[in-house]
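Asks: Questions regarding the structure given below will be posed in turn.
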């Protein structure tokens, strides 16, 4: 999942950079939240029906599910695992699945 998510992220950067002017392109190294949100916004603007963000979100949800399963197997309590799952799932929804008004 990690390699597939990283490959999808690079595909998103490549797709966006292909349609931007040279001085507007994203450097593939050095990521932080605001740069990621700007990339997602550009991808949604340039590819309104594109599926790469959705695919990356699905991979992230699968990773989150694995982390939750590991937490349960390690003996973490249901409240802790549920809280982590709810916060993580909400964060993934915000970044990858919600419809953004133009």
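Asks: Go through the residues of segment 54-68 one by one and say whether even a single one is over 21 Å from residue 98 (Cα atoms) and without any contact (Cβ under 8 Å) to a residue 12 or more places away in the chain.
Replies: No, segment 54-68 contains no residue that is over 21 Å from residue 98 (Cα atoms) and without any contact (Cβ under 8 Å) to a residue 12 or more places away in the chain.
Asks: Within segment 1-24, how many residues turn out to be more than 15 Å from residue 40 (Cβ to Cβ) and surrounded by 15 or more Cβ atoms within 10 Å (Cβ to Cβ)?
Replies: Residues flagged as more than 15 Å from residue 40 (Cβ to Cβ) and surrounded by 15 or more Cβ atoms within 10 Å (Cβ to Cβ) within segment 1-24 amount to 0.
Asks: Among the residues of segment 45-91, how many are in a helix (DSSP H, G or I) and surrounded by 15 or more Cβ atoms within 10 Å (Cβ to Cβ)?
Replies: 18
Asks: Can I ask one more? Within segment 19-33, which residues are within 22 Å of residue 59 (Cβ to Cβ) and either assigned to a helix (DSSP H, G or I) or in contact with a helix residue (DSSP H, G or I) (Cβ under 7 Å, 6 or more places away or on another chain) (or both)?
Replies: 26, 28, 33, listed by residue number.
Asks: So, residue 34, is that one surrounded by 10 or more Cβ atoms within 10 Å (Cβ to Cβ) and at negative phi or not?
Replies: no
Asks: Can you run down the residue pairs with Cβ atoms below 7 Å, 6 or more apart or on separate chains, where the first is in segment 13-31 and modelled with pLDDT under 95 and the partner is surrounded by 10 or more Cβ atoms within 10 Å (Cβ to Cβ) and assigned to a helix (DSSP H, G or I)?
Replies: Final answer for the pair search is 28/10; 28/13.
The values are calculated or read from the model by the stated rules, or taken from the named source; none is laboratory data. As the structure is a computational prediction, the values presented were derived from the model and not from experiment. Virtual Cβ from ideal backbone geometry, glycine too; neighbours counted across all protein chains shown.
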